[in-house]
Amino acid sequence: MKFKLRKELWFGFILMGLIIAAALGMLIAAPKITNGHIGLLMLSLVVVAIMLGFPTAFTLMGMGMLFTWIAYEENTAKTLNLMVQSAYKVMSNDVLISIPLFVFMGYLVERANLIEKLFRSLHLALARVPGSLAVATLVTCAVFATATGIVGAVVTLMGLLALPQMLKGGYDVRLSAGAITAGGCLGILIPPSVMLIVYGATAGVSVVQLYAGAFFPGLMLAGLYILYVILLAKIRPDMAPPLTAEQRFVPLPEPLLKVGADQVKRALPVLINALKGRRNHGVAASYLLKQLGIALLPAILYAVVALSSYNSVTRAVPVEDAASTMSEMGAESSAPAEGGLAEPVGSSDLAEPPGEAASEAAAEGELKEIGAEAAASAPAAAPDLAAPPSAASTATSAAGAASGERVPAPTGYWIGLGVGGASLLAFYAILSFARLEIFKMLLSSFFPLLVLILAVLGSIVLGLATPTEAAAVGALGGFLLAVAYKQLTFEVVKESVFLTAKTSAMVCWLFVGSAIFSAAFALLGGQELVETWVMSLNLTKVEFLILSQVIIFILGWPLEWTEIIVIFMPIFIPLLDNFGVDPLFFGLLVALNLQTAFLSPPVAMAAFYLKGVAPKHVTLNQIFAGMLPFMGIQVMAIVLLYMFPAIGLWLPQVLYGR
């Protein structure tokens, strides 16, 4: 009987052989074997052991302790002391508290059975968009990945739900598989990503700022996916046929049919006439009022937002606030430009960077002088054209505050109000009863998740709560969603708690193993040797970033993201200062890169997740072929982020003054 190895196993063995050969070649070529060379040998052995299937955390701990013992010249007491100190350092890191809470939130939301309703409502809402099923799959994956952050769960659930629907609708197998795997991997990047928490704790970067920085790159990547699917469906309609009339059909409730509703009739006039007593056919007025209230929800929301925005933009700024604003403007104008790549000191804290309160007193005196001059001048005097417009408007606001009057709303407010009003009119012009039912489906599936996501991310990004506090709120929100959808049973709670404990233990043991391994690597001088070698190459910043991202991309084939972060980030992070690279910016590049690695054959975990639930006729090669275009899009997103760093750094700069 012949024994035949699979292609991915051959690839793994060849890669392990190359790693071992490179390590031995390094030792042979070295004129003198130092502790630093032994540290690099330890690194090579760890990678090979992990590829052979040994548990990552305990491999790191075992190798770290063995080589620490060698570095300490077989001093067991010092070795054990280092192990205890490294483990305690991890245990005292409060960033890690948010991991089990976010994971618990994800498992509860997953088991609340929202994803089926979400996919159904989205694919009906996007029925007229080319490639609507694939687009709905990507949007569902993005929303669900944001709510859960668990790649395997999202890919598996969408493989069970969306793949049969797309194959039944005549979609190409490769496109269907690519959309599911690529969309499912968005949870690596889009907050609240567990990977960003792990990176922040490893690299000493504020998780709050990482979440703010990852927001727009995540949206950009999801948008590029959707754009690709729409263009492909336009060019090749045979790969993504439009939905049939049967697939777009939305059944209407019996009471609405009694009052004369059908698929194409506009909802508002029929409901209003029925409430007036015309053609109500015995349907209760309370039911009709409820339907009318749901239909008017967008108008009510528009009115609330318009009024609150008007109060905000016309509110006169108090003298103290104006002083603070002007002092901040002065500080910004006098500060040298750094290109957005400099890391502030102390960015490892979870709290937001401190505000500009220290400069308020000095600016207040300056503002009082400006106010005195303005009061002495004629009321009709025009503002100084040489002064910045924002400074003039700030002074005007301060004067308005003193007189108790509101300031005029800016032109941008009225433009926004007009655009919103026109959109609202267009919405009601096309609001048929079929679309009203779809809107109700979205209200029961999409909006609860949206509220949960905004509550969690908004509280973190706006500085209302630390990630740990927001994670606790998210866990409570997931619990309440499961209760609201009558999915909260003892079995659901038991499974969620067990999976949360399993995942959290894995991550925390990885941190302990990484801390021991990193301490041993630094003790042996491996980090110093790597830094000396990299600096001897005389690389530019661009060349260093390309080299580091290529290495991380290759490591993403055989290793999980957790292993890459905890093993290799402590090696890369100390090199960033030498090339002027912001650790926050580097972390965003790494997050995008690891998503690419998740889709890279032959060891693409997302493909194996999908293959486990796909029909038998869907082969692994078809899944790999479908992932390749999306992997190319991710590479393009990495290039765009590097060329335009503001995609990731603008929001942290605006919110935290980076």
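The values are calculated or read from the model by the stated rules, or taken from the named source; none is laboratory data. Just so we're clear, the structure is a prediction, and the values are computed from it rather than from any experiment. So basically every Cβ, Gly included, is an ideal-geometry build from the backbone, and we count neighbours across all protein chains shown.
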Given the residues Gly200, Gly204, Gly282, which is the only one that is of a type in the set (Gly, Ala, Ser) and either in contact with a Cys (Cβ under 9 Å, 6 or more places away or on another chain) or not assigned by TED's automatic domain parsing to the domain that holds Val103 (or both)? Gly282
Just to verify a result, which residue in segment 609-631, among those that are under 23 Å from Leu196 (Cα atoms) and at pLDDT below 90, is surrounded by the fewest Cβ atoms within 10 Å (Cβ to Cβ)? Met631
Residues in segment 583-596 that are at pLDDT below 90 and more than 14 Å from the chain's Cα centre (by Cα): how many? 1
Residue count, segment 219-242, condition more than 30 Å from Leu588 (Cβ to Cβ) and in contact with a Leu (Cβ under 7 Å, 6 or more places away or on another chain), comes to 2
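A quick yes/no check of all residues on (1) of a type in the set (Lys, Arg); (2) in the same structural domain as Tyr199 (by TED's automatic domain parsing):
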residue: Trp69; (1), (2): no, no
residue: Leu80; (1), (2): no, no
residue: Leu108; (1), (2): no, yes
residue: Leu114; (1), (2): no, yes
residue: Phe119; (1), (2): no, yes
residue: Leu122; (1), (2): no, yes
residue: Ala125; (1), (2): no, yes
residue: Arg128; (1), (2): yes, yes
Based on this model, can you work out whether Ala606 counts as modelled with pLDDT under 90, in a helix (DSSP H, G or I), of a type outside the set (D, E, K, R) and crowded, with 24+ Cβ neighbours inside 10 Å? yes
The listed residue being buried (at least 17 other Cβ atoms within 10 Å of the Cβ), under 29 Å from Ile226 (Cα atoms) and of a type outside the set (S, T, N, Q), out of Ile647, Ile546, Ile571, Ile551: Ile647
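Taking Gly131 as the residue in question, decide whether it is surrounded by fewer than 24 Cβ atoms within 10 Å (Cβ to Cβ), on the phi > 0 side of the Ramachandran plot and touching a residue at least 12 places away in the same chain (Cβ under 8 Å).
Spelling it out, it is not the case that Gly131 is surrounded by fewer than 24 Cβ atoms within 10 Å (Cβ to Cβ), on the phi > 0 side of the Ramachandran plot and touching a residue at least 12 places away in the same chain (Cβ under 8 Å).
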Those residues that are hydrophobic (A, V, I, L, M, F, W, C) and in a helix (DSSP H, G or I), I need them from segment 107-131; list them, please. Leu108, Val109, Leu114, Ile115, Leu118, Phe119, Leu122, Leu124, Ala125
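Regarding segment 562-570, can at least one residue be identified that is within 24 Å of Val507 (Cα to Cα) and modelled with pLDDT of 90 or more? Working first, answer last.
Here is the first cut: in segment 562-570, the residues within 24 Å of Val507 (Cα to Cα) are 562-570.
Okay, now just the ones that are also modelled with pLDDT of 90 or more, so none.
The answer is no, given that none of the residues of segment 562-570 is within 24 Å of Val507 (Cα to Cα) and modelled with pLDDT of 90 or more.
For segment 237-273, name all the residues that are among the β-branched types (Val, Ile, Thr), exposed (fewer than 15 other Cβ atoms within 10 Å of the Cβ) and farther than 30 Å from Leu167 by Cα.
Ile272
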Scan segment 35-63 residue by residue and report those that are under 18 Å from Met83 (Cβ atoms) and either charged (D, E, K, R) or surrounded by fewer than 19 Cβ atoms within 10 Å (Cβ to Cβ) (or both). Pro55, Phe58, Gly62
Counting only helices (runs of 4 or more DSSP H) wholly inside segment 409-524, the ones holding at least 1 residues that are within 26 Å of the chain's Cα centre (by Cα), surrounded by 20 or more Cβ atoms within 10 Å (Cβ to Cβ) and of a type in the set (Gly, Ala, Ser) are 433-461, 467-484, 490-524
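Which of the following residues is in contact with a Pro (Cβ under 9 Å, 6 or more places away or on another chain), farther than 17 Å from Pro298 by Cα and modelled with pLDDT of 80 or more: Ser496, Ser504, Ser459? Spell out the reasoning first.
Numbers: Ser496 fails: in contact with a Pro (Cβ under 9 Å, 6 or more places away or on another chain); Ser459 fails: in contact with a Pro (Cβ under 9 Å, 6 or more places away or on another chain).
Just a single option satisfies the conditions, and that option is Ser504.
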Determine which member of the set Phe104, Phe67 is more than 30 Å from Glu469 (Cβ to Cβ) and either assigned to a helix (DSSP H, G or I) or more than 22 Å from the chain's Cα centre (by Cα) (or both). Phe67
Condition check: of a type in the set (D, E, K, R), in contact (Cβ under 8 Å) with a residue 24 or more places away in the chain, touching a Pro at 6+ places or on another chain (Cβ under 8 Å) and surrounded by fewer than 24 Cβ atoms within 10 Å (Cβ to Cβ). Does Glu560 satisfy that? no
Is it the case that some residue within segment 209-224 is surrounded by fewer than 22 Cβ atoms within 10 Å (Cβ to Cβ) and more than 23 Å from the chain's Cα centre (by Cα)? no
Assuming Glu8 fulfils every condition listed in (1) at pLDDT 70 or above; (2) in contact with a Pro (Cβ under 6 Å, 6 or more places away or on another chain); (3) not hydrophobic (A, V, I, L, M, F, W, C) apart from one, which condition is it? (1)
Go over the candidates Ala147, Ala162 one by one and state the one that is surrounded by 24 or more Cβ atoms within 10 Å (Cβ to Cβ) and modelled with pLDDT of 85 or more. Ala162
